[in-house]
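Comments concern the structure below.
A short reminder: the numbers here are calculations on the coordinates, not readings from a lab. Computed from a predicted structure; not experimentally measured. Positions of Cβ are backbone-derived with ideal geometry, glycine not excepted, and every protein chain shown enters the neighbour counts.
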Amino acid sequence: MKISFPYMGNSHIAIGYWLEELGHEVIYPPVPSKKTLSLGVQHAPEFACLPFKILLGTYLEAIEAGADTLASSGGFGPCRAGYYGELHKRILHDLGHSVRLIILEPPLMAPFNFCKNIYNLVRPQSSWLNCYRKFRITWEKLRALDTAEDRLHQLRPYVLDRRALTQAYEKALDYIREARTMPQVREAVQAGLAGMESLPSDKSRNPLKIGLIGEIYVVLEPFANHDIEKILGDMGVLVHRSIFITNWTRDNALVNRERDIRSRAIPYLNQLVGGHGQNSVGEVVRYAEHGFDGVVQLAPFTCIPEIVAKSIMPAISADKGIPVLTLFLDEQTGRAGIETRLEAFVDLLQQRRSQREVS
């Protein structure tokens, strides 16, 4: 089986390892680019959202590279993402590509389908015992990747040489990629963190703190959001992201621990609206309670759950005193426009902080 899957942040490092250890030939498509998006736009419905188009373009590039099987995650609830797998499959087949598309639905919602698809990935290439052992290492790799990335964004506003920080982070990714056992993964992340934390920094700085919320794909995938965390970090802002691949997997695939966030949303939005809509509302409340200066909401254009959440943001901002900037993203969105809006937002937050300090 020549298998491929879409990128979402750095998760491909761990997922590729797991599939290789199960005996598959992993086809890594090119990192998402303008070409990828162009391919998706060419063959996707006009009003499909940005993640749909990037994923479709990625599948086409993976097929061109030799993949005969594609794997991706699914979804449930009042959100179009639950239909993406079937629609992608039909588009690919209409284009003459008879590939197999394996959609891993959340096991808490569809345990039978999840087990069936896992069986297809494990057998006959590997054994269940090997699958379990390698999954534990894969999960440890995912945790290590999230830990390293989170530390990167915490350190960026303080370090004196941000280019050196990026290089140290890339070394950390290499360490994690090369690790093959649980102890090696743990040693890799510690070595990577040590390399980043050893760089000269100015701890006297008091950077603005901005929370990053929104739909999971555009929050996690740098190509989709124009590397917004780096843009803000280079402006001297400390960015805290509400979603990482491990907490999303844990909450949606293993055990749901999102009740705390959703309980914060209930006074403003007391029901699920699909995707991460209710979570986005709850996260703004949480960031306000933790003293953040502002929040940036990332949403694919036409994403109904995030549109619902955006309509509630003015009420939360007024009640909690926290500004929220919403950025809708599609194939027409340019990096320059994103940077301009972020610069204006950061200036606004700095002015608000200065006024509070004076008063």
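Length gained on full extension, D347 to D150, computed as 0.36 nm times the residue gap minus the Cα-Cα distance: 68.5 nm. Note on K171: lysines with a C-alpha under 26 Å away, same-chain residues under 8 apart excluded, are K134, K141, K203, K230.
Here the label points at E339 and H93, each 7 Å from Cα along the C-beta direction, are separated by 4.5 nm in the simple model. Put simply, the chain fits an ellipsoid with semi-axes of 33, 25, 20 Å; these come from the alpha carbon gyration tensor as the roots of five times its eigenvalues, largest first. Expressed per residue, the C-alpha convex hull volume of the range 1-112 stands at 112 Å³. Taking every Cα-Cα distance in the range 207-359 and sorting them into 5 Å bins starting at zero, the pair-distance distribution P(r) comes out as 2, 9, 20, 23, 21, 14, 8, 3, 1, 0 percent. Straightening the chain between I304 and R133 buys 57.6 nm, computed as 0.36 nm per residue apart minus the Cα-Cα spacing.
Dividing the convex hull volume of the alpha-carbon atoms in the range 124-176 by its residue count gives 69 Å³ per residue. Here the gap between Y119 and E289, fully extended at 0.36 nm per residue and compared with their Cα-Cα distance, gives a gain of 56.8 nm. With the cut-off at under 18 Å, measuring from each backbone N in the range 1-19 to a point 7 Å along the Cα-to-Cβ line of E178 picks out 13-14, 17.
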